[in-house]
Amino acid sequence: MDQGGSRRRGLRGWRSAVSPIIATILLVTIAVVLAAVVYLLVEDEARASLAVPIGTELVAGPAAPVTVGTAASNPFCEKSHYCYSIPIDEAGGGLAIGDLNLRVLASTGSPHIVSKNYAMISIVDLRNTVLASTQISKNTAFVVTDWQTYAAGDSVATPVSDQQVIWVQFGNTAASPSHQGYSLEIDGVGAFTGSISVTLP
């Protein structure tokens, strides 16, 4: 009896049975990976389509300069500092303070670098209560991506409304920022996309 031949035939059968199993596992793995990639692509597209352009929900400006030496001493525009007040004319769509990033841009389009002491951006209501503010240190970009302080009861969820004003305080700079081509860019974050720009005359 040829036991060696029988063993060889058995090994060949085992090998031929393993190949379809490996092929099936590979096909299933490829299908799962492709399904995951398609899901992620569709989810990103859906998220992008749900984002709201901030320009459809927020209208602000024009900016009014507050001349050096004329501003009363207060938390959002100190005396002898260069400041701009920017009224919020319209706000809707559930827009909240935490949905706004703000950048003061130079005429080149890049963020202004605070040159002396400090700068500040504040959101103030019509009773002159500072709802949120952030101080920007010397030699850093004039950019607000989060708010350092809030009034009692206010937070990132506080609604933005037409009863508020944005104050941009350049600080006690060596030269006036007036007529230097500066602008305030308001960027939407979270559920909001895009930006609007307000000229700082």
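Kindly evaluate Val114 against the criterion of being surrounded by 15 or more Cβ atoms within 10 Å (Cβ to Cβ), at pLDDT 95 or above and touching a strand residue (DSSP E or B) at 6+ places or on another chain (Cβ under 6 Å). Before the answer, list the steps.
Working: surrounded by 15 or more Cβ atoms within 10 Å (Cβ to Cβ): yes; at pLDDT 95 or above: no; touching a strand residue (DSSP E or B) at 6+ places or on another chain (Cβ under 6 Å): yes.
So Val114 fails the test.
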Could you please find all residues in the stretch 118-140 being exposed (fewer than 14 other Cβ atoms within 10 Å of the Cβ) and over 16 Å from Gln164 (Cα atoms)?
Ser137, Lys138, Asn139, Thr140
Just name the residue that is farthest from Ser155 (Cα to Cα) out of those in the stretch 95-143 that are part of a loop (DSSP other than H, G, I, E, B) and of a type in the set (Gly, Ala, Ser).
Ser107
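From Ala106, Ala132, Ala157, which residue is more than 19 Å from Gly188 (Cβ to Cβ) and either hydrophobic (A, V, I, L, M, F, W, C) or not assigned by TED's automatic domain parsing to the domain that holds Pro65 (or both)? Spell out the reasoning first.
Numbers: Ala132 fails: more than 19 Å from Gly188 (Cβ to Cβ); Ala157 fails: more than 19 Å from Gly188 (Cβ to Cβ).
Of Ala106, Ala132, Ala157, the one residue that is more than 19 Å from Gly188 (Cβ to Cβ) and either hydrophobic (A, V, I, L, M, F, W, C) or not assigned by TED's automatic domain parsing to the domain that holds Pro65 (or both) is Ala106.
In the stretch 177-192, which residues are buried (at least 16 other Cβ atoms within 10 Å of the Cβ) and either outside the structural domain of Ile86 (by TED's automatic domain parsing) or within 13 Å of the chain's Cα centre (by Cα) (or both)? Before the answer, list the steps.
So in the stretch 177-192, the residues buried (at least 16 other Cβ atoms within 10 Å of the Cβ) come out as 177, 182-188, 191-192.
If the condition is that a residue be buried (at least 16 other Cβ atoms within 10 Å of the Cβ) and either outside the structural domain of Ile86 (by TED's automatic domain parsing) or within 13 Å of the chain's Cα centre (by Cα) (or both), then Glu185, Ile186, Asp187, Gly188, Ala191, Phe192 are the ones that fit.
The values are calculated or read from the model by the stated rules, or taken from the named source; none is laboratory data. All of these numbers come straight from a predicted model, not from anything done at the bench. All Cβ positions, glycine included, derive from the backbone under ideal geometry; neighbour counts span all protein chains shown.
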